[in-house]
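Below you'll find the structure, written out as structure tokens, and then a few comments.
A short reminder: the numbers here are calculations on the coordinates, not readings from a lab. Since the model is a prediction, treat every value here as computed from it, not as a measurement. A quick note on method: Cβ atoms are made from the backbone with ideal geometry, for glycine too, and the neighbour counts reach across all protein chains shown.
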Amino acid sequence: MPVAVVTGGSTGIGAATVKALARRGYDVAFTYLRSEAQARAVAKEAEGHGVRVLYRRADATSWNDMKMFADEVGRTFGRVDALVANAGGLPQRRTLEESDLEYWRSLIDLNLTSAYIATRLFVPLMKGGAVIYVSSVAAYTGGGRGAFAYAAAKAGLLGLTRALAKELGPRGIRVVAVLPGLIDTPFHEKAQTGDIETWARNMVYIRRVGKPEEVAEVIAFLVGDGASYINGAFIDVNGGWYG
Ligand SMILES: NC(=O)c1ccc[n+]([C@@H]2O[C@H](COP(=O)([O-])OP(=O)(O)OC[C@H]3O[C@@H](n4cnc5c(N)ncnc54)[C@H](OP(=O)(O)O)[C@@H]3O)[C@@H](O)[C@H]2O)c1
């Protein structure tokens, strides 16, 4: 059975991705940080597809946490075919003027360094397959109010995608970025985005927010054989929203 690793699999896009991959027959290892009950429920549902599921609490920004997790994944499954670096978010919105170095570093850690850590630890377990980075439309647009550090981190993922597609391509490992638009997950409550339905009605060409499953299905396609010639690409999943 192919093996997938998803960071931040307890809620939202990550949870939908764990389930989508389990449905396709992947054994799945995933992490969570705060949402233990949700993680347990996601694992239970994924196991219902007859695959093995390992889930652990691991801070995606902590090398030590992720090293312990990667070691356990290596011992349990022996290899990894798909890595989805999904953990991230915008826990606090701040303008440049409201920000300080600690804030900047925390956003870069959460949304960019976390992807580096996962990649550095899991690529040695990969003999092929794909790495997917969950970036954001904010990488292009700069995001809403107080999202400059988040947007910078998500744009950083695009550079990481292109550079590592080049570096890992010769080893048969593809690297692809997925850029969700307005997706209905707990992200927006934490980021205090406001009324996302109104945003979507005004901004998104198809006039609605997206569902986490609509991103997860794209990720599941991208890690599979059907996407074997997609490498270094930026895949928009936003219903049409570029401004
Ligand atoms: N929703 C959108 O509109 C949207 C748009 C563009 C991009 N994105 C990106 O999509 C990704 C998933 O977000 P989402 O919308 O699904 O939001 P979400 O429901 O808030 O999910 C975030 C996930 O990341 C985990 N996480 C957060 N900090 C972590 C840390 N330090 N260590 C480990 N796990 C951590 C959370 O785990 P716990 O809950 O267990 O702490 C949760 O599983 C994020 O990278 C986000 O930036 C979302």
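If each residue of separation counts as 0.36 nm, what is the full-extension length gain between Glu167 and Glu102 once their alpha-carbon separation is subtracted?
20.3 nm
At 10 °C and a viscosity of 1.306 mPa s, what translational diffusion coefficient does Stokes-Einstein give for the range 78-179, taking Rh as the Kirkwood radius over Cα pairs? Give it in µm²/s as a whole number.
It diffuses with D of about 113 µm²/s by this estimate.
Which three semi-axes in whole Å describe the equivalent ellipsoid of the range 199-243, each the square root of 5 times a Cα gyration tensor eigenvalue, listed largest first?
25, 12, 6
Which entries of Lys19/Lys190; Lys67/Lys166; Lys127/Lys190 show an alpha-carbon separation above 32 angstrom in the structure shown?
Checking Cα-Cα distances, Lys127/Lys190 exceed 32 Å.
For the chain, take N as its residue count and report Rg(C-alpha) divided by 2.2 N^0.38 Å.
0.95
Return the distance in nm (one decimal) between the two label points of a simple spin-label model at Arg56 and Glu217, each offset 7 Å from Cα along Cα→Cβ.
Here the answer is 3.3 nm between the modelled labels.
For the range 5-63, place one equal point scatterer on every Cα, skip the solvent, and apply the Debye formula. What is log10 of I(q)/I(0) at q = 0.12, 0.16, 0.20, 0.27 Å⁻¹?
-0.22, -0.38, -0.59, -1.04
With contacts defined as alpha carbon pairs under 8 Å and 6 or more residues apart, what's the relative contact order of the range 3-237 in percent?
21 percent
Taking R0 as 30 Å, what's the FRET efficiency between Asn202 and Ala41 from their Cβ-Cβ distance, rounded to 0.05?
0.30
Multiplying the sequence separation of Arg24 and Ile230 by 0.36 nm and subtracting their Cα-Cα distance, what value in nm do you get?
Taking Arg24 through Ile230 to full extension adds about 72.2 nm, to one decimal.
What does the highest-first list of 121-133, 76-88 look like by mean Cβ count within 10 Å?
Taking the mean over residues of other Cβ atoms within 10 Å, the ranking is 76-88, 121-133.
For the pair Asp184/Arg120, report the inter-label distance in nm, with labels modelled 7 Å from Cα in the Cβ direction.
Placing both labels 7 Å beyond Cα along the Cβ direction yields 3.9 nm.
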